[in-house]
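In what follows, a single structure is set out as structure tokens and then discussed.
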């Protein structure tokens, strides 16, 4: 199977005797402009969405048995403390 998709950097040679009117060029430019406007709107929507995403320091969780909410880093610290405690107790039992 061959790739029949032309490379967009390849020069395009119009058929002999072909004529492109000023109106066709103007219409093409207007269509390109509409596409750029739509892309611009979409990029603005994406930027707005990304700016509103919560960062880890704004993600809060209240573990069971705790009075205060903790951010993600504090939760990970607490989880690793408990894991280390469990691991050390397990290793003590093996000795």
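Against the list (1) outside any helix (DSSP H, G or I); (2) surrounded by 11 or more Cβ atoms within 10 Å (Cβ to Cβ), the condition residue 76 fails is (1). Of all residues in segment 47-60, those satisfying the criterion of being surrounded by 10 or more Cβ atoms within 10 Å (Cβ to Cβ) and in a helix (DSSP H, G or I) are 47, 56, 57.
Before we move on, is residue 63 within 30 Å of residue 82 (Cα to Cα), in a loop (DSSP other than H, G, I, E, B) and in contact with a helix residue (DSSP H, G or I) (Cβ under 9 Å, 6 or more places away or on another chain)? So residue 63 fits the description; yes.
Every number in this text was worked out from the coordinates using simple rules, so none of it is lab data. No experiment lies behind these values; they were computed from the predicted model shown. Please note: Cβ atoms are built from the backbone with ideal geometry, for glycine as well, and neighbour counts cover all protein chains shown.
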